[in-house]
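Presented below is the structure to which this report refers.
The values are calculated or read from the model by the stated rules, or taken from the named source; none is laboratory data. Source: prediction; values computed, not measured. Here the Cβ positions follow ideal geometry from the backbone for every residue, glycine too, while neighbour counts run over all protein chains shown.
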Amino acid sequence: MAVSLDIADLRARRPAEPVNLEATQGDGLGCHAGKDAMRAAAEAAGMSETLDQLKRDYPAGPHDQPQSMCPAFGSLRVGLRMRRTATILSGSACCVYGLTFTSHFYGARRSVGYVPFNSETLVTGKLFEDIRDAVHASAKPEDYDAVVVINLCVPTASGVPLRLLPKEIDGVRIIGIDVPGFGVPTHAEAKDVLAGAMLKFARGEAENGPVQAPRGGRSERPSVALLGEMFPADPVVIGGLLEPLGLSAGPVVPTREWRELYGALDAAAVAAIHPFYTASIREFEAAGRPVVGSAPVGHDGTADWLAAIGHACDVAPATIAAAQNRLLPAIRGALSGQPIKGRITLSGYEGSELLVARLLVESGAEVPYVGTACPRTPWSEPDRAWLEERGVTIRYRASLEDDLAAFHEFRPDLAIGTTPVVQHAKERGTPALYFTNLISARPLMGAAGAGSLARVINAALANKPRFDAMRDFFEGVGTGHAAGIWQEIPTIKAAPKAAAPLKPIGEMA
Ligand code: SF4
């Protein structure tokens, strides 16, 4: 909304908290302003501490920030999936439109709260008051355990101080987080921003007195909390793998309701199935919980993971060996029963790319390249080492250009990747699968994972003749002169005659 502003007047009316007036000038700030401009604005607004913490948690190097959807979607999705949790966005209307659209596309079935602003309410501090009013109106204990407020780019760059919101209203927790696109590189890591903030809050509650027990009561066996959103069957499969160790599967973080946070913090150990949950891991470590990287994927991955979890939970070596002997033959059988033959390049932004690559390699596939939008962290080191020993090139913070270059260099039989990679491969007649919808939304763990992945990969590989037929049939359609609506082939006009050279004045008639 365009508002005519008198900056001198606004400076006089600005609140005690720093607010960045420049964020409201000209075209304002947004994705289009570039992350350097946004970052500079946020620092000027006193947000350096928040930005420094984000930079430490989610390092951008060695490659630049990957191209992906608005990162805030990760936090929004985590909030929307939790029972008795209200989620409110504070940001530009266009950002909120895109985020709510995407949420409902993915079946949120829940309202997204929005506090709109204009230049004046942003600069005078009225936006903060509007957010506080919205929080008070939403914090009804009969409806909610928590209200989450997410500052998008412009309010973060302008320094809207969510930290000044009340921590609790009538027993409803208020969680304010800054999730700017110029500070949080991927939507995967934005899930961690909210999960980490909630764990921190819940840890403080647990340290100060008794807290709610899990809905189904406490397990008799020590539990292992699972970090990372995964296919619903995977925690069940992991529970079956933990049982011979005398352990049980604990809550999955991000959790589906507030009380599960206490159960997760109470676990004997934490399995960082997805390796990018840096802020959440900080909270688990502060609670004294050991964190184990990698995951029970394939034969080798499961063998190593059982040993690492058993060690972290003080399980006797003989018990660990017995569990391995009992569980591994079935996984080896599933892998050899459904082999995968072919060269596959793989890339994605979910954080489970290295795990999927391990499973493919163990199934017999040749995997020359894995690209992930996520950073390198200690919790995926076992996977990196295992893959690199087998000649796989891993690119962290991979860009679309990295993924496409790998596609051209390795000429795979199947490309698994993000939407533009899949489109690029299919245009060239190469079968391709979208990582997020078709690979990360399947079971990966234990024997169930080995069989399930092979089925979808082999079906895609078998599609090569269909892609060849389609490419031959559509050859030339939608490209070159056929890219428009023209009925006839445009005639290329003859180049205009070159002008006659100018004669020197002395030679003129
Ligand atoms: S909130 Fe998301 S869409 Fe909006 S400016 Fe930031 S990165 Fe872009």
| said: For the structure I just gave you, tell me whether Arg256 is charged (D, E, K, R), surrounded by fewer than 20 Cβ atoms within 10 Å (Cβ to Cβ), under 27 Å from Thr87 (Cα atoms) and outside the structural domain of Thr278 (by TED's automatic domain parsing). | reply: no
| field | Yes/no for Phe117 being crowded, with 20+ Cβ neighbours inside 10 Å and assigned by TED's automatic domain parsing to the domain that holds Leu54 | value | yes
| Within region 274-324, restricting attention to residues that are assigned to a loop (DSSP other than H, G, I, E, B) and aliphatic (A, V, I, L, M), which residue is farthest from Gly449 (Cα to Cα)? | Ala287
| said: If I go through region 244-259 residue by residue, how many of them are in contact with a Lys or Arg (Cβ under 8 Å, 6 or more places away or on another chain) and on the phi < 0 side of the Ramachandran plot? | reply: 8
| Are any residues in region 407-433 within 27 Å of Gly301 (Cα to Cα) and more than 22 Å from the chain's Cα centre (by Cα), and if so, which ones? | Phe407, Phe410, Pro412, Asp413, Leu414
| Do we find that Thr50 is outside any loop (DSSP other than H, G, I, E, B), of a type outside the set (Gly, Ala, Ser) and more than 14 Å from the ligand (Cβ to nearest atom) in this structure? | yes
| query | What is the one condition in (1) of a type in the set (Asp, Glu); (2) under 21 Å from Asp36 (Cα atoms); (3) without any contact (Cβ under 8 Å) to a residue 24 or more places away in the chain that Glu129 does not satisfy? | reply | (2)
| message | For a quick check of your reading of the model, give me the residue pairs whose first member lies in region 484-500 and is among the aliphatic types (A, V, I, L, M), whose second is surrounded by 10 or more Cβ atoms within 10 Å (Cβ to Cβ) and at pLDDT 70 or above, with beta-carbon atoms closer than 8 Å and at least 6 apart or on different chains. | response | Ile489/His481
| query | If we scan region 353-368, do we find a residue that is buried (at least 17 other Cβ atoms within 10 Å of the Cβ) and under 22 Å from Ser223 (Cβ atoms)? | reply | yes
| field | region 333-354, residues that are touching a helix residue (DSSP H, G or I) at 6+ places or on another chain (Cβ under 7 Å), modelled with pLDDT under 95 and assigned to a helix (DSSP H, G or I) | value | Ala334, Leu335
| Residue within region 158-174 that is in contact (Cβ under 8 Å) with a residue 40 or more places away in the chain, near the ligand (Cβ under 10 Å from one of its atoms) and out of contact with any Ser or Thr (no Cβ under 8 Å at 6 or more places or on another chain) present | no
| request: State the number of residues belonging to region 443-467 that are part of a loop (DSSP other than H, G, I, E, B), touching a residue at least 40 places away in the same chain (Cβ under 8 Å) and either more than 17 Å from Val361 (Cβ to Cβ) or out of contact with any Leu (no Cβ under 8 Å at 6 or more places or on another chain) (or both). | output: 1
| note | With criteria (1) over 30 Å from Lys55 (Cα atoms); (2) touching a strand residue (DSSP E or B) at 6+ places or on another chain (Cβ under 6 Å), Val392 comes up short on (1)
| task | Filter region 92-145 for residues that are under 15 Å from Ile174 (Cβ atoms) and within 16 Å of the ligand (Cβ to nearest atom) and give the result. | result | Gly113, Val115, Ile131
